[in-house]
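Structure, as structure tokens:
The values are calculated or read from the model by the stated rules, or taken from the named source; none is laboratory data. These figures come from a predicted structure and were not determined experimentally. Glycine also receives a Cβ, built like all others from the backbone with ideal geometry; neighbour counts cover every protein chain displayed.
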């Protein structure tokens with residue numbers, strides 16, 4: 001008599017796998033950390049998504065250091081330029097994806113990551129445009145983002161972001 | 001998650017498919033050299049990329065890989081007589097050389113030249129290291145010979161094995177670039193397996209089960225770095241190179257030999273899991289070789305006389321619930337290779353990726369799929385040579401290393417990630 005594993009791993013048996021939605025759409029917040037990334041994120045936002053929303057991080061000037069509590073209120077803008085409360089956005093996220101162009105300063109990541117840490121939300125950082133940047137610039141970006149991302153990806157071309165979001169059912 | 005058409009594209013490697021065309025751009029491992037050990041030895045059936053072939057070694061030691069079936073009446077030439085510079089079909093005596101050229105049709109006058117009109121499809125078959133390799137693509141695109149380090153070090157520094165894995169190649173390969181499963185599935189063996197134990201890196205592996213990852217594209221594929229906390233705020237990195245389409249090298253542990261895999265499609269529902277072990281600067285010890293032959297490390301024990309793992313789906317992988325409960329093994333299945341195979345085969349012959357729910361730590365897998373699809377498209381539409389064909393892309397090393405927190409592994413391990421003859425591996 002065939003073993004259970006032998007019987008159950010056939011193509012015929014695969015037909016009896018239950019067909020149902022085994023997950024709910026995840027809320028994924030995609031944040032562009034700098035102007036070059038913003039252009040990519042805006043293009044990405046034109047696509048239909050289940051629960052992905054797209055933001056930019058405003059410039060840092062005049063913003064108190066993290067830990068000063070209320071300062072984080074104005075920390076995101078949606079693509080129409082409306083200010084969004086960072087804590088509120090993170091609170092409703094399953095994953096925050098930060099997009100940075102290679103070589104640019106990623107200070108905003110620190111504040112976003114702090115909010116994510118408070119809410120125990122996973123962070124992924126993508127460094128785009130790496131093909132046109134020097135090794136030194138890439139290393140700088142990696143060092144800047146490493147403390148704030150549980151997954152850090154250097155993508156050779158921008159279309160990877162879309163591929164990744166689709167793969168994550170965004 | 002992949003759409004069905006993407007899953008089909010990646011998992012189908014037969015003739016005429018985009019992924020099949022991609023695989024046919026490379027030298028692929030076909031047989032262990034020991035399977036054709038001497039001139040005029042028995043031929044060996046080969047099925048690769050959904051093509052039925054036959055490998056043999058003629059009177060002069062030349063290797064041939066030809067269509068398995070006689071052009072006359074379709075008899076399997078596995079029954080053939082390997083004699084006097086060719087393989088003769090035992091049915092009516094038709095004979096073929098290693099290029100598949102028919103060189104004798106006894107029923108026809110020699111003067112008629114009939115046999116010159118008969119030729120079996122054939123592919124080059126060459127020996128490199130302990131492996132016989134074939135290239136199944138267009139002759140004018142044949143790449144330089146493979147330069148994988150395990151195949152170019154002196155023979156006494158290298159060991160190879162292969163095992164049948166009864167599922168599609170992609171779900172097997174994806175296990176090889178998924179470092180995060182080691183802390184769970186294989187945790188029971190890290191401290192006891194003779195080819196793993198004693199490494200300080202094992203302690204980092206076991207004490208930090210939530211590694212952080214960095215995925216970096218490299219010319220031939222990817223570097224996937226998994227970092228775990230080490231002492232004094234430093235990070236313990238395990239860096240796995242993946243070279244397209246299907247080569248991985250597992251980061252080393254202490255001075256143990258380095259090991260890794262190729263997953264080569266037999267057809268769309270089976271693959272060969274090739275496993276190599278090598279040491280860059282010393283001969284493998286007798287004890288190490290014996291352990292490998294005994295199925296330790298990432299090798300396996302076989303059903304006698306076959307390359308099928310002893311623990312296989314027909315015996316429920318020798319599942320031991322008591323060992324699972326006692327924590328001796330995490331899944332109840334013993335041995336790294338069988339642990340991987342049991343779970344990967346349980347997904348079914350071809351994993352339905354439309355139903356999966358990947359998470360951000362699966363970015364290595366997502367990126368590998370992305371690179372494969374992109375390369376297949378570029379090859380099919382524009383004839384672009386895929387990454388991994390160039391021997392330079394094959395001179396990679398896996399690395400385990402402790403680095404300061406602000407140092408990128410691509411910088412801190414830059415030299416260590418390149419395979420150099422006579423230079424020891426970088427390992428913890």
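Just the residues that are at the interface with chain B (Cβ under 7 Å from one of its Cβ atoms) and more than 22 Å from residue A:44 (Cα to Cα), please, taken from the range A:147-170.
Across the range A:147-170, the qualifying residue is only A:150.
Are any of the residues in the range B:258-274 under 19 Å from residue B:413 (Cβ atoms) and surrounded by fewer than 24 Cβ atoms within 10 Å (Cβ to Cβ)?
Checked the range B:258-274: at least one residue is under 19 Å from residue B:413 (Cβ atoms) and surrounded by fewer than 24 Cβ atoms within 10 Å (Cβ to Cβ).
Per-residue answers, yes or no, for (1) away from chain B (no Cβ under 14 Å); (2) closer than 15 Å to residue A:93 by Cβ:
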{"position": "A:17", "(1), (2)": "no, no"}
{"position": "A:23", "(1), (2)": "no, no"}
{"position": "A:30", "(1), (2)": "no, yes"}
{"position": "A:41", "(1), (2)": "yes, no"}
{"position": "A:44", "(1), (2)": "yes, no"}
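Which residue, of A:137, A:131, A:107, is at the interface with chain B (Cβ under 10 Å from one of its Cβ atoms) and either at pLDDT 90 or above or surrounded by fewer than 20 Cβ atoms within 10 Å (Cβ to Cβ) (or both)?
A:131
Just for the range B:321-340: of the residues that are more than 14 Å from chain A (Cβ to nearest Cβ) and over 23 Å from residue B:261 (Cα atoms), which one is surrounded by the most Cβ atoms within 10 Å (Cβ to Cβ)?
B:323
Yes/no per residue for (1) under 15 Å from residue B:148 (Cα atoms); (2) touching a residue at least 60 places away in the same chain (Cβ under 8 Å):
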site: B:225; (1), (2): no, yes
site: B:229; (1), (2): no, no
site: B:242; (1), (2): yes, yes
site: B:262; (1), (2): yes, yes
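If you scan the range A:1-44, which residues turn out to be under 30 Å from residue A:101 (Cβ atoms) and part of a loop (DSSP other than H, G, I, E, B)?
Residues satisfying the conditions are A:25, A:26, A:27, A:33, A:34.
Can you name every residue in the range A:104-123 that is touching a strand residue (DSSP E or B) at 6+ places or on another chain (Cβ under 9 Å) and free of Cβ contacts under 8 Å to residues at least 40 places away in the same chain?
Across the range A:104-123, the qualifying residues are A:113, A:116, A:117, A:121, A:122, A:123.
Is one or more of the residues making up the range B:291-312 surrounded by fewer than 22 Cβ atoms within 10 Å (Cβ to Cβ), over 24 Å from the mean Cα position of the chain (by Cα), more than 11 Å from chain A (Cβ to nearest Cβ) and not in a helix (DSSP H, G or I)?
Within the range B:291-312 (the criterion being surrounded by fewer than 22 Cβ atoms within 10 Å (Cβ to Cβ), over 24 Å from the mean Cα position of the chain (by Cα), more than 11 Å from chain A (Cβ to nearest Cβ) and not in a helix (DSSP H, G or I)), the answer is no, since none of the residues qualifies.
Determine if the range B:346-354 includes at least one residue that is surrounded by fewer than 22 Cβ atoms within 10 Å (Cβ to Cβ), within 17 Å of residue B:11 (Cβ to Cβ), more than 24 Å from the chain's Cα centre (by Cα) and touching a residue at least 24 places away in the same chain (Cβ under 8 Å).
Within the range B:346-354, one or more residues are surrounded by fewer than 22 Cβ atoms within 10 Å (Cβ to Cβ), within 17 Å of residue B:11 (Cβ to Cβ), more than 24 Å from the chain's Cα centre (by Cα) and touching a residue at least 24 places away in the same chain (Cβ under 8 Å).
Being assigned to a loop (DSSP other than H, G, I, E, B) and under 22 Å from residue B:374 (Cβ atoms) narrows it down to one of A:80, A:170, so name that one.
Only one candidate passes the filter, namely A:170.
For every residue, the table says whether it meets (1) part of a helix (DSSP H, G or I); (2) under 30 Å from residue A:122 (Cα atoms); (3) more than 8 Å from every other protein chain (Cβ to nearest Cβ).
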residue	(1), (2), (3)
B:356	no, yes, yes
B:363	yes, yes, no
B:366	yes, yes, no
B:371	yes, yes, yes
B:376	yes, no, yes
B:381	yes, no, yes
B:388	no, no, yes
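How many residues are surrounded by 19 or more Cβ atoms within 10 Å (Cβ to Cβ) and within 20 Å of the chain's Cα centre (by Cα) if we restrict to the range B:396-428?
6
Name every residue in the range A:40-51 that is touching a strand residue (DSSP E or B) at 6+ places or on another chain (Cβ under 8 Å) and surrounded by fewer than 16 Cβ atoms within 10 Å (Cβ to Cβ), in order of residue number.
Answer for the range A:40-51, where residues must be touching a strand residue (DSSP E or B) at 6+ places or on another chain (Cβ under 8 Å) and surrounded by fewer than 16 Cβ atoms within 10 Å (Cβ to Cβ): A:42, A:51.
Quickly run through the range A:84-104 and pick out the residues that are assigned to a strand (DSSP E or B), surrounded by 23 or more Cβ atoms within 10 Å (Cβ to Cβ) and either away from chain B (no Cβ under 11 Å) or out of contact with any helix residue (DSSP H, G or I) (no Cβ under 8 Å at 6 or more places or on another chain) (or both).
Correct list: A:98, A:99, A:100, A:101.
Residue check, residue B:204 against (1) at pLDDT below 95; (2) closer than 15 Å to residue A:154 by Cβ, all met but one. Which one?
(2)
Select from the range A:140-158 the residues that are outside any loop (DSSP other than H, G, I, E, B) and either surrounded by 18 or more Cβ atoms within 10 Å (Cβ to Cβ) or out of contact with any helix residue (DSSP H, G or I) (no Cβ under 8 Å at 6 or more places or on another chain) (or both) and list them in ascending order.
A:140, A:141, A:142, A:143, A:144, A:145, A:146, A:148, A:151, A:152, A:153, A:154
Which members of the range B:191-214 meet the condition of being surrounded by 14 or more Cβ atoms within 10 Å (Cβ to Cβ), without any contact (Cβ under 8 Å) to a residue 40 or more places away in the chain and farther than 16 Å from residue B:227 by Cα?
B:191, B:197
Using the structure shown, decide if residue B:406 is within 12 Å of chain A (Cβ to nearest Cβ), in a loop (DSSP other than H, G, I, E, B) and without any contact (Cβ under 8 Å) to a residue 24 or more places away in the chain.
Answer is yes for this residue.
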